[in-house]
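Comments concern the structure below.
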Amino acid sequence: MLKINNLHAVVGEAESQILTGLSLDVPAGEVHAIMGPNGAGKSTLSYVLTGRDGYEVTDGSVELGGKDLLDMEPEDRAAAGLFLSFQYPLEIPGVPTMTFLKTALNAQRRARGQEEMAAPEFLKKARAIASELKIKPDMLKRPLNVGFSGGEKKRMEIFQMMMLGPSFIVMDETDSGLDVDALRIVADGVNSLRSPERGMLIITHYQRLLDYITPDKVHVLAGGKIAASGDADFARLLEKEGYDKYAA
C-alpha cells in the first residue's frame, strides 16, 4: 500500500540532509512501527509523506495505493486517504471542532466523487465515536483543541481519524504525554480501525504504545534510513538495548 524507495530529503534553508536513502514497504492490512534515536528522521518522514512546507525530497519515490504521493498537493494526499496524527496537535481558535471536521470530511468525499454526508448522519456517527473514546459532549462544542490537555488533544485526533476513515494512517509519537488510561483509550480507537484495506505506520520512541497496538513489523530508523527490522518482539529488545549499535 505504502511503498517508499530510496527516499532522500533535506530540511530548511540550510538544506540539512535528514533522510538518506530510506526504503520501506507497508502492505495493506499491516501495522508497522518505526523507532529510533532523536534526530534520526522519524518526524521528517511523516512530514515528507504529508507534504509539509520546508521539507524537500531530493531523490527517491513514494507511492500510496499505486499513486505517486510526492506529485500531489497536501490536500490531495489527504483526499487519497493519508492521515497524519501529529505529535503536538494544533489549536485553532474560533473554529468549532464539529464545523472543522464536517468541512474536512465532506471536502474529502467531494474529492473522491462521493456525496456529502448529511448533518443527521454526521452527528449520529460523531456521538457514537465520541462515546467510544470517552470524549465529553462539551468538548465537541469548543474550538478545535483550544484549552485541551495534551491527552485530550490526542484523543480528539483519534476521534478525527475514526470519523474520516483514512486508508493509510501515520501516527507521529501519538503516545507522547499520555497517561496509562488515555493511552489505552487511544490504542483501542486505533485498533478498531485495523482492517485488510488499511495500513498504519506508528512512529514512537518507546515500546509502551506497542503493548496496546501490536505491530506486524518494527523498524529502526537511524542515520536517515532503515537500519534494521524485526517482528513485534524486536521493540522490546530495542527498549532494553537502545539504539547505539545502529548509529551511523
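Numerical summary
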read-out: Net charge of Cβ neighbours under 13 Å - reference Ile203; Lys, Arg +1; Asp, Glu -1; value: -2
read-out: Ranked list, fewest to most other Cβ atoms within 10 Å of each Cβ, for Ile18, Ile135; value: Ile135, Ile18
read-out: DSSP beta bridge pairing in the chain, given as percent antiparallel to the nearest 5; value: 60
read-out: Out-of-range pairs (alpha-carbon distance over 18 Å; input Lys42/Lys217; Lys3/Lys67; Lys3/Lys217; Lys67/Lys217); value: Lys67/Lys217
read-out: Chain lengthening between Glu15 and Ser192 when straightened (0.36 nm per residue, less Cα-Cα); value: 59.8 nm
read-out: Sequence of Phe100, Phe234 once ranked by neighbouring C-beta atoms within 10 Å, starting from the fewest; value: Phe100, Phe234
read-out: Cα shape, the stretch 64-123, gyration tensor, a/c 1.5 rule; value: oblate
read-out: For the chain, calculated [θ]222 nm from helices alone, where every DSSP H run of n ≥ 4 adds -39500 (n - 2.57); value: -10500 deg cm²/dmol
read-out: Extension reserve of the Arg112-Leu70 stretch, reckoned as 0.36 nm per residue once the Cα distance is removed; value: 13.3 nm
read-out: Two-decimal Rg/Rh across the stretch 1-73, once Rg and the Kirkwood Rh are taken from alpha-carbon atoms; value: 0.95
read-out: Base-10 log of normalised Debye intensity for the stretch 26-128 (one unit scatterer per alpha-carbon) at q = 0.23 Å⁻¹; value: -1.39
read-out: Label-point separation, Arg142 to Glu91 (7 Å along Cα→Cβ), nm; value: 0.9
read-out: Lysines with Cα under 19 Å of Lys141, excluding same-chain neighbours fewer than 8 positions away; value: Lys102, Lys124, Lys125, Lys153, Lys154
read-out: Distance-filtered residues of the stretch 34-66 - backbone nitrogen under 18 Å, label point 7 angstrom along Leu237 Cα→Cβ; value: 34-37
read-out: Among Pro37, Ser23, Phe159 the positive-end extreme of the charge dipole of the chain (Cβ point charges); value: Phe159
read-out: Inter-site label distance for Asn38 and Asp216 at 7 Å from Cα along Cβ, in nm; value: 3.3
read-out: Per-pair calculated FRET efficiency, R0 = 45 Å: Ser149 and Glu121 via Cβ, rounded to 0.05; value: 0.90
read-out: Diffusion constant of the stretch 76-199 at 4 °C, which comes from Stokes-Einstein with the Kirkwood Cα-pair radius and 1.567 mPa s, µm²/s; value: 88
read-out: Residue order, fewest to most beta carbons within 10 Å, for Tyr55, Tyr88, Tyr212; value: Tyr88, Tyr212, Tyr55
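The numbers here are math on the coordinates, done by the rules we state, and not lab data. Treat the numbers as computed from the prediction; the structure is a model and nothing was measured. Positions of Cβ are generated from backbone atoms using ideal geometry, with glycine treated the same way; all protein chains shown enter the neighbour counts.
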